[in-house]
Amino acid sequence: MAMHPKFPSSPYDILDPDIRWFPADESLRETSMDKLMPPLVSQLRKDVKKFRNSAYTGATNTSQQLLNWWFNEPHFKLLDDGTASEFKYYFAQREALETIIYLYDVVNAKDKFDLMRYDSTGLVSASMFDETWRRYVVKMATGSGKTKVMSLAMAWSYFHKLYEPNSELSRNFLLIAPNIIVLERLYKDFQGLQIFFEDPVIPENGFGGHNWQDDFQLTLHLQDDVRVTHPTSNIFLTNIHRVYSGEDLPPSPEDDNTKDFFLGKNVTGATTDSKIDLGSIVRNIDELMVINDEAHHIHDVNLAWFKSIQDIQNRLLQKSDKLSLQLDVTATPKHNNGAIFVQTIADYPLVEAIWHNVVKHPVLPDAASRSKLSVRKSSKYTEQYADYIDLGVIEWHKAYEEHKKMGKKAILFIMTDDTKNCDEVAEYLEGRYSELKDAVLVIHTKENGEIYEAKSSKAKNELDKLRKQSNEIDESSSPYKAIVSVLMLKEGWDVRNVTTIVGLRAYTAISNILPEQTLGRGLRKMYPVGVEEYVSVVGTDAFMEFVESIQAEGVELERTAMGQGTPPKTPLIIDVDHSDKNKDIEALDIEIPVLTPRIYREYKKLIDLNVQEMKFKPLVYKQFNEEEQREIVFTDITTGDITHTSVLDTAGMADYRSVIGYFARTIIKEMRLVSGYDTIYGKLKEFLQQYLFGRSVDLESQNTLRNLSELAATKTVLETFKKAVNELTVQDNGDAEIRDTIKLRKTRPFVAKAQDYLVPKKSVFNRVVGDSHLELEFASFLESCNDVVSYAKNYMAIHFKLDYINADGNISNYYPDFIVKLSDSTVVIVETKGLEDMDVPFKIKRLRQWVEDVNAMKKFGVSYDFVYVDEDNFKKYSPISFESLLTSFREYKD
């Protein structure tokens with residue numbers, strides 16, 4: 001069940017259906033893949049791939065524009081240092097929206113019979129669907145961005161209803177949370193509609209001819225705070241209990257007659273204490289879309305949750321209307337018997353999210369570590385399970401010390417079997433471990449993982465405080481470092497800093513908790529995508545057997561040595577090595593001047609772009625037959641991969657505006673421009689129409705568009721424009737000034753990707769991480785040089801970078817590889833390279849300029865030098881000192 005060899009490591013890369021994970025050996029992919037996945041997903045992935053590659057042919061104009069805005073338009077944020085950071089949605093988020101829109105717009109999948117057409121197993125029957133309305137289920141691993149999917153779906157529905165004649169979608173949304181914890185998390189994202197504008201959800205005014213941002217007028221209503229002044233454009237964010245229809249729903253057998261303020265009432269309850277009848281309000285408006293977060297609760301037609309939505313649908317039918325769509329999102333859309341919801345249309349499983357480093361990697365003790373653990377014979381609970389508790393604390397403490405360097409607080413999570421033992425474990429932790437004194441938060445839960453709540457007002461106030469404390473436990477201001485709970489917080493408690501989970505008993509059938517939910521409490525990440533993070537899981541044999549059952553879902557559980565003397569299982573943290581008492585950090589420190597940038601882009605000059613003066617070789621205008629003219633496919637000029645397929649209008653003709661827009665977006669994206677789309681679009685139109693083919697051509701002609709899709713045309717257009725834009729706008733201001741200085745010992749700790757490293761003696765840092773084998777070899781060489789006082793790998797966190805003009809004429813940032821101190825008066829900047837690329841001469845030219853600028857200022861009493869070291873000559877000359885290296889490697893200095 002390993003990942004396909006071609007499965008990419010980036011969560012942003014498009015995933016081909018043929019390389020997706022499935023629960024069997026790779027040799028069975030052709031024969032068994034469809035039968036081992038959610039029954040609708042396999043065929044839908046293939047059809048949605050065709051939909052994507054056709055530039056969303058068949059979707060409405062509004063849907064096409066939104067999909068292109070979200071996933072094809074470049075989105076940049078200008079950073080403080082003047083560089084641009086790109087924002088992209090995960091492919092899992094993209095695929096979810098593409099699938100929803102494909103089903104609604106293209107095939108009009110309005111009920112179970114339409115969805116059953118995508119069953120590739122032959123095992124799906126109509127009886128497996130309880131609802132009679134349009135319902136789609138999206139399965140996404142915990143921590144992979146379900147809330148973003150919900151916000152995109154809302155925006156799509158809103159604009160579809162606004163802009164498309166006869167749209168059956170809605171501008172009213174009932175966003176349902178299963179409990180108070182989830183509701184508060186959603187409110188934080190949707191308050192002030194911030195999620196729609198902090199992310200590029202709403203297109204800019206004018207995009208595609210609409211004033212999107214002006215037209216997006218939604219009002220958020222939270223729980224009982226409902227002030228409906230308009231029949232449309234409302235988001236009702238509520239706990240499910242606010243939409244129960246009242247006494248007509250019988251209590252569930254699972255209802256134990258206790259209120260649960262912390263996580264809300266049990267989802268199977270039947271009454272509501274709402275001051276405002278929200279249920280009545282949503283039943284009496286004319287259009288509505290229902291979105292369920294953590295939607296695995298809807299697993300039984302007899303549950304009040306399902307019956308409430310069914311009642312809303314029936315009320316709408318009485319008014320000759322209907323529920324526009326029920327969208328359910330959850331990591332575990334499964335029934336109590338483990339069967340997946342048959343309505344699942346998109347699936348981003350946990351195994352893929354772990355592979356992409358979107359979530360943490362679960363780590364278990366290896367066999368040797370587990371063999372040291374046993375349940376002791378004692379009437380005292382903490383004595384019975386002392387081995388497991390103590391190992392959990394050891395693993396947590398190691399992680400705590402490492403993450404503390406990054407300003408993060410690691411959290412220990414211990415699960416027991418009843419409230420008495422819960423209290424005993426908390427007392428044991430606080431009494432035995434000084435670092436946990438007054439730092440343990442106790443939460444009592446029921447057998448099903450939900451939180452007990454007493455009925456008195458005093459207890460209610462205490463639970464208010466408890467909920468606040470548990471939600472804020474990640475923050476440095478919180479005194480708590482550990483949580484002890486009866487069983488498990490089933491969902492919604494989405495803190496990011498849990499690094500260690502200790503389970504002291506197995507789950508029982510009554511709990512209805514899945515291993516994905518158990519691990520889910522520790523899966524959310526503290527650090528960005530790309531950094532490997534871990535959650536250590538320790539527990540009794542019965543608990544570990546339960547956790548290990550997740551391997552059936554493809555999750556590979558790493559096993560490692562745990563306990564005293566073993567290394568912490570944390571991201572690779574680089575910091576100034578104050579722990580090594582043999583290091584004189586001040587003597588090893590190196591000071592580097594920071595100069596003002598010399599290179600900048602003058603965006604105002606874009607308007608002066610003269611297509612008539614662009615230098616290129618005009619292309620031959622070919623005549624294609626009718627069949628060839630329909631093959632308008634654009635490919636990447638370096639990889640040959642399909643990047644864009646032109647939109648066909650209702651007459652079967654391609655739209656030249658889409659082609660020009662594709663070229664403009666590509667230029668802006670590849671050049672990382674933060675503005676200028678309209679200007680470049682206009683210049684492109686003139687260039688394509690008048691000059692590319694050496695004569696004027698008709699852009700409306702299908703034959704012209706077929707010519708433009710040729711690889712030679714794509715390459716000529718992109719390279720000609722990028723070169724012209726760079727020549728016009730990229731400028732060197734001719735001088736530089738000292739803006740600041742960098743002292744290596746002031747570098748803040750940072751995380752690095754897991755890779756080989758060297759523990760240095762001559763560096764202020766605790767590790768030298770090698771991005772290549774050459775870098776590690778060179779670091780070892782520097783360690784051996786008697787004429788080297790200190791050195792450092794130039795990590796990005798040091799912020800020593802040089803702006804330069806690369807081989808394509810673009811502005812780039814260059815981070816030299818090493819900084820070497822030969823004496824208090826001599827520092828050498830070193831660039832190492834295995835295989836020389838086209839940018840090396842430009843980097844070295846800029847480095848030479850920087851050295852000249854710094855030395856001319858004569859402000860530090862330090863002389864700076866540089867040297868370029870290529871791998872072949874490094875091995876050939878085998879220098880034995882740094883001076884001999886400088887003597888041997890002078891080719892870029894002379």
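What residue among Trp21, Pro568, Ser157 has its Cα farthest toward the positive end of the dipole of the chain, where the charges are +1 on Lys, Arg and -1 on Asp, Glu, each on the Cβ?
Looking along the dipole axis, the top candidate is Pro568.
What whole-number value in cubic angstrom gives the convex hull volume per residue for the C-alpha atoms of the range 745-826?
Working: hull volume 10.6 nm³, N = 82.
So the per-residue hull volume is 130 Å³.
Taking amide H positions as placed in the peptide plane 1.01 Å from N, state which residues far from Ile590 in sequence (5 or more) or on other chains have amide H under 5 Å from it.
Under 5 Å from the amide H of Ile590 lie the amide H atoms of Leu744, Arg745, each far enough along the sequence or on another chain.
Given +1 on the Cβ of Lys and Arg, -1 on the Cβ of Asp and Glu, and no further charges, what dipole in debye does the chain carry about its Cα centre, rounded to the nearest 20? Don't skip to the answer; put the middle values down first.
On the way: 109 positive and 136 negative charges, 159 e Å.
It comes to approximately 760 debye.
Using helices alone, what [θ] at 222 nm do you get for the chain, with -39,500 (n - 2.57) per DSSP H run of 4 or more residues, divided over all residues and rounded to the nearest 500? Could the numbers behind the result be given before it?
Details: 29 runs with 287 residues, N = 894.
Rounded to the nearest 500, it is -9500 deg cm²/dmol.
Compute the Rg/Rh shape ratio of the range 670-752: radius of gyration over Kirkwood radius, all on alpha-carbon atoms.
On the way: Rg = 21.1 Å, Rh = 16.8 Å.
Reported Rg/Rh (Cα atoms, Kirkwood Rh): 1.26.
When the solvent-accessible surface of protein heavy atoms is calculated with a 1.4 angstrom probe, in what order do Val359, Val620 fall, highest first?
Details: Val359 0, Val620 115 Å².
Per-residue accessible area, sorted high to low, gives Val620, Val359.
Taking K and R as +1 and D and E as -1, what net charge do the other residues with C-beta under 15 Å from the C-beta of Thr566 add up to? List each step's numbers first, then the result.
Numbers: positive: Arg370, Lys372, Lys398, Arg559, Lys569; negative: Asp366, Asp390, Glu395, Glu401, Glu402, Glu558.
Its environment carries a net charge of -1.
Quick one: which residues, 5+ away or cross-chain, put their amide H under 5 Å from the amide H of Arg559? H built at 1.01 Å from N.
Amide H neighbours of Arg559, under 5 Å, 5+ apart: Leu364.
Please state the shape class of the range 291-432: rounded when a/c is under 1.5, otherwise prolate if a/b exceeds b/c and oblate if not, all from the C-alpha gyration tensor. Don't jump to the answer; show the numbers that get you there.
Values: a/c = 2.77, a/b = 2.06, b/c = 1.34.
Verdict is prolate for the range 291-432.
Can you give the alpha-carbon Rg of the range 134-206 over 2.2 N^0.38 Å, where N counts its residues?
Working: Rg = 13.5 Å, N = 73, 2.2 N^0.38 = 11.2 Å.
With N residues counted in the range 134-206, Rg over 2.2 N^0.38 Å equals 1.20.
Place a point 7 Å from Cα of Gln755 in the direction of its Cβ. Which residues in the range 781-796 have their backbone N less than 17 Å from it?
Residues 792-796 fall inside that zone.
In whole Hz, with x marking every Gly and Pro, tabulate ³J(HN,Hα) for the range 597-607 from phi via Karplus 6.51 cos²θ - 1.76 cosθ + 1.60, θ = phi - 60°.
x, 9, 9, 8, 10, 9, 5, 4, 7, 4, 5
Please list 137-143, 373-379, 546-552, 43-49 highest first by mean number of surrounding beta-carbon atoms within 10 Å per residue.
Order by mean packing, descending: 137-143, 43-49, 546-552, 373-379.
Mean separation of Cα pairs under 8 Å and 6+ residues apart, divided by the residue count of the range 115-215: what relative contact order is that in percent? The partial results should precede the final answer.
On the way: 49 pairs, mean separation 15.9, N = 101.
It rounds to 16 percent for the range 115-215.
For the chain, what is the convex hull volume of the alpha-carbon atoms per residue, in Å³? It would help to have the intermediate numbers written out before the result.
Values: hull volume 179.6 nm³, N = 894.
It comes to 201 Å³ per residue, whole-number rounded.
Relative contact order, percent, of the range 730-872 when contacts are C-alpha pairs under 8 Å separated by at least 6 residues?
Averaging sequence separation for qualifying contacts and normalising by length gives 19 percent for the range 730-872.
With only Lys, Arg, Asp and Glu charged, each at its Cβ (+1 for the first two, -1 for the last two), find how big the charge dipole of the range 760-894 is about the Cα centre; round to the nearest 20 debye.
Numbers: 17 positive and 22 negative charges, 97 e Å.
It comes to approximately 460 debye.
Could you tell me how far the Cα centroid of the range 133-174 sits from the Cα centroid of the range 352-388, in Å?
With the range 352-388 and the range 133-174 each reduced to a Cα centre, they are spaced 41 Å.
Nearest 5 percent is fine: what portion of the DSSP beta bridges confined to the chain is antiparallel?
Details: 38 of 98 bridges.
Antiparallel bridges make up about 40 percent of those DSSP assigns within the chain.
Tell me whether the range 695-813 comes out rounded, prolate or oblate; compute the Cα gyration tensor, take square roots of the eigenvalues as a ≥ b ≥ c, and use a/c under 1.5 as the rounded threshold. Don't skip to the end; give the middle numbers.
Values: a/c = 3.71, a/b = 2.31, b/c = 1.60.
The shape class here is prolate.
First select every other residue whose beta carbon is under 15 angstrom from the beta carbon of Lys112; then total the charges, Lys and Arg +1, Asp and Glu -1.
Details: positive: Lys110, Arg117, Arg134, Arg135, Lys322; negative: Asp111, Asp114, Asp119, Asp130, Glu131, Asp328.
That works out to -1.
Only Cα pairs under 8 Å and at least 6 apart count here; give the relative contact order of the chain as a rounded whole percent. Show your work: numbers first, answer last.
Details: 1616 pairs, mean separation 93.0, N = 894.
Rounded, it is 10 percent for the chain.
Taking Rh as the Kirkwood radius computed over C-alpha pairs, what is the Stokes-Einstein D of the range 784-836 at 4 °C in a medium of viscosity 1.567 mPa s, expressed in µm² per second? Write out the running numbers ahead of the final one.
Working: Rh = 12.7 Å.
The estimated diffusion coefficient comes to 102 µm²/s.
List the GluC sites (Glu not before Pro) within the range 553-604 that DSSP assigns to loop and that have no more than 16 neighbouring Cβ atoms inside 10 Å. Walk me through the intermediate numbers first.
Details: sites: Glu553, Glu556, Glu558, Glu586, Glu591, Glu602; in loops: Glu556, Glu602.
Of the GluC sites (Glu not before Pro), the ones in loops of the range 553-604 whose Cβ has at most 16 other Cβ atoms within 10 Å are Glu556, Glu602.
Give me, ordered by chain and number, the residues 5 or more places off Ala482 or on other chains with an amide H under 5 Å from its own placed amide H.
Leu412, Leu441
Taking θ = phi - 60°, what integer Hz values does the Karplus form 6.51 cos²θ - 1.76 cosθ + 1.60 yield along the range 323-328, in sequence order, with x for Gly and Pro?
So the Karplus estimates, Gly and Pro as x, are 5, 5, 5, 10, 10, 10 Hz.
Please state the shape class of the range 92-163: rounded when a/c is under 1.5, otherwise prolate if a/b exceeds b/c and oblate if not, all from the C-alpha gyration tensor.
On the way: a/c = 2.13, a/b = 1.37, b/c = 1.55.
It is oblate, given that a/c is not under 1.5 and a/b is not larger than b/c.
With a sphere of radius 11 Å drawn around the Cβ of Glu836, what net charge do the other residues whose Cβ falls strictly inside it have (Lys, Arg +1; Asp, Glu -1)?
Working: positive: Lys833, Lys843; negative: Glu831, Asp837, Asp839, Asp870, Glu871, Asp872.
With Lys, Arg at +1 and Asp, Glu at -1, the net is -4.
The values are calculated or read from the model by the stated rules, or taken from the named source; none is laboratory data. Quantities reported herein were computed from a predicted structural model and do not represent experimental measurements. Every residue, glycine as well, gets a Cβ built from its backbone with ideal geometry; the counts of neighbours run over all protein chains shown. For the accessible areas, the whole protein counts, side chains as well, though only heavy atoms, and no ligand, DNA or RNA atoms are used. Shrake-Rupley method; radii C 1.70, N 1.55, O 1.52, S 1.80 Å.
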